[in-house]
Every structure is written in C-alpha cells, then in structure tokens.
Amino acid sequence: MEKKITVLAGDGIGPEIVAEARRVLDRVAEVFGHRFDYTYVDIGGCAIDKYGVPITDGGMDACRRADSVLLGAVGGPKWDGCPPSVRPEKALLAVRKELGLFANLRPTKLFPQLAGSSPLRDEAAEGGIDLLIVRELTGGVYFGEKTTKTVGGELVATDVMSYSEHEIERIGRVAFETAMKRRRRLASVDKANVLETSRLWRRTMHRLAEEYPEVGYSDILVDNTAMQLIKNPSQFDVIVTENMFGDILSDEASMLTGSIGMMPSASLSSGTLGMYEPIHGSAPDIAGLDAANPLGTVLSAAMMLRYSFGMAAEADAVEAAVGSVLLDGYRTFDIMSDGCTRVSCSRMGSLVAERI
Ligand code: IPM
Ligand code: MG
C-alpha cells in the first residue's frame, strides 16, 4: 500500500520523538512492502517564529490531503506570552476542529515489564491495567466563546461550555462500539450533579445504552473517577467523557502505565483520516538532549497503522517490538529502574525498529 503521512513535529522534544516514530514506520514499510510518503509541516512555536502564525493555510491543507497526520508536541515557555489567537496550542485545536477529529482514543495499558515503574505496584501485579479513555475532542469549553471584559471596574473572564445532543451521541457511539470490541464495560464520566451539559450528556448516553444491552453501562462523577483511577483502576474497561474532563483524567491515567511518555493517542474523524500523537507535551527542559521517551509516539504510529491504514499485523508487530525491547530491560530515563539499561531517545527508536 501507498500512504501519505503529514508530519507535524512541532516544538521541544517533538522533532526527536517523531524522528523515532518515523524510523519505526520506515522499517514497517520495508518489512511489509508498503510505501509511506512524508510531508513535513511546521506547527506551534516554530511556525510562529517563521510565519507569525502557529500553522499556515498551506500547512492545514497538507493535513486535509493526507491519509493521516503524525504529531509530536507543541508549545513552550518561549511562546507563553503570545496572544491567545496565535498561541502554539491554537494550531493543535484548529487541526482537530478542521479535520473533524472528534474522537480521541487514549489507551492506558501497563506493559507488565513496567510494573515496577507504575506508582500502583500491587495493583499492577494483581491483574493489570488496561483501560481506554474515549475523549470528546472538538466541543465543550475548549471551543466555546471566550471573553474577558471589564464589569463593575474589574476584569471578568468567561469560557462557555456547551454540548449539543448530536456531539454527545456521536462520541457515545464510538465509545459503545469500542466497548463491544473489548470487555463490554463502559463508564460515562460527567458532573451531572452540577453541570447542565453533563445532564444532557447523561440523558443522551442512557438513550444509547438501550441500543447496546450487551454493554455493562455505568455513570460516574468526574471527581469520583479521579479517585477510582488510583484506588482500583482495573474496574475500568472503556471510559467516555467530555473534552476537558478527558484531558485531565488521561494525564492522571497515564501515570498508571509507568510514565506519561508511554501513552499514545489517536484522534479520529468519521472517516479514516486521523491524527496520531503522544499525550505528553513538548518537555522543553529535556529538548535537544536525546533523552525523551519516544515510545508514546511509536505506539501512536502503531495506532495509525491500525486505525487509519487497516494494517493490523503491522501494528501488532510494532507493539510486540516495544514489548520485547522493554522485556530486555532497555529504558529511557523516565521509566528507568534498577538493573535496567538506560538508553537515549534515538537508541530506543533504533532498538524497536530492529525488532520488527
Ligand atoms: C492534550 C494536550 C492539549 C489539550 C493541549 C496542548 C492544548 O494537553 O492533547 O491532552 O489540552 O488537549
Ligand atoms: Mg492534555
């Protein structure tokens, strides 16, 4: 097969981790006889420096025309003072919105080899952590009206959070369908005791639940979810939630896998076009040191193979290679433990590629 991949390496450690994911993808192409063509587009702070905007119209077009998009990370202290309309993160939100990437899948799976790195050691030993967060990605407070006005002599800032029934229903369907392919349990996370958007969310999910009687459905409040993820994460199979709750809970859940550097994600549209990115940020403190953990990005590339290209065997091969490298004790600094071998970002990428 021939596929066009638009690469948005971004800022900080973005270019380093994306280079390793590409190394792995190139190896997949070689072994399985595919051809991947890459188009590199600047996004985030590096685009602001060059063009004055976090992504150009041409860059956005290259994303639209691709078979899939691979993203590193955007942002950094250098651009923290930028006005909201040209912040690096603005480009990321614009790509999500423009490409209709409403469904963000964030699998939280603890490789047994990394049980020692998870803060929940006993739990990890007991039966594993394997849950999937389905985060709504193009609605809610991220995209509502934002204003700052002077009222009664002081500044008042407002962010509007709104959800329509159809937005809730389409993410709900993704979650129920995903649960059907897994252990058939779905927890819908909301704040229905306080928020109107959550009450509509819950009503809509209940309506869908009737269509999926095989799925064990439950409602859970977001604050309780934050606690349950630490107390007993193995109770969860699929979690579905709105945009901001999903942002927060997925960072929390990522630590269960040993390090935020391990967690991949797929942002999907109603077609096959998707954007694949690790959930961590640009980590400016370690940028350029060849120290970052590239595995979240490598595992995101595996999700690209699986979801956008329908290449299940290839995706399995990448995931197995990651497992094998970890089994042999190779670790970047963030997952380092006694008796293991510490490796750089590029060495980790090479080790994975060699084993495909
Ligand atoms: C994420 C990130 C982004 C988000 C930021 C960089 C805008 O935290 O993908 O989780 O909040 O969605
Ligand atoms: Mg986040």
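List of remarks:
- Residues in the stretch 288-330 that a label on residue 32 would reach, taking backbone N under 15 Å of a point 7 Å out along Cα→Cβ: 298-322
- Charge context of residue 224, other residues only, Cβ under 11 angstrom, K/R +1, D/E -1: -1
- Label point at residue 1 placed 7 Å out along Cα→Cβ; residues across the stretch 305-322 whose backbone nitrogen lies under 17 Å: 305-319
- Cα gyration tensor shape of the stretch 176-222, rounded if a/c is under 1.5, else prolate or oblate by comparing a/b with b/c: prolate
- Taking a ≥ b ≥ c as the square roots of the Cα gyration tensor eigenvalues, the stretch 119-257 comes out oblate, since a/c reaches at least 1.5 and a/b does not exceed b/c.
- Packing-based ranking of 17-25, 140-148 yields 17-25, 140-148, ordered from highest to lowest mean Cβ neighbour count within 10 Å.
- Sum of -39500 (n - 2.57) over DSSP H runs of 4+, divided by residues of the chain (222 nm, nearest 500): -13000 deg cm²/dmol
- Rounded to the nearest whole Hz, the Karplus-based 3J(HN,Hα) values (6.51 cos²θ - 1.76 cosθ + 1.60, θ = phi - 60°) of the stretch 298-314 follow the sequence 4, 5, 5, 4, 5, 5, 4, 4, 6, 8, 8, 9, x, 9, 5, 5, 5, with x at glycine and proline.
- Of the cross-linked pairs 50/78; 3/90; 78/191; 90/181, those separated by over 24 Å at the C-alpha level are 3/90; 78/191; 90/181.
- Contour excess over end-to-end distance, with Cα ends at residue 221 and residue 49 and 0.36 nm allotted per residue: 57.7 nm
- Directionally averaged shadow of the chain, computed from the convex hull of its alpha-carbon atoms, nm²: 18.6
- Taking packing as the residue-averaged number of other Cβ atoms within 10 angstrom, the listed peptides 205-213, 168-176 run from highest to lowest as 168-176, 205-213.
- With a simple spin-label model that places each label point 7 Å from the Cα along the Cα-to-Cβ direction, the separation between residue 313 and residue 336 comes to 4.0 nm.
- Residue 232/residue 94 FRET efficiency (R0 25 Å; Cβ-Cβ; nearest 0.05): 0.05
Bear in mind that the values in this text are calculations on the coordinates, not laboratory data. Keep in mind that what you see is a predicted model, and the values were worked out from it rather than measured. Cβ sites come from the backbone with ideal geometry, for glycine too, and all protein chains shown count toward neighbours.
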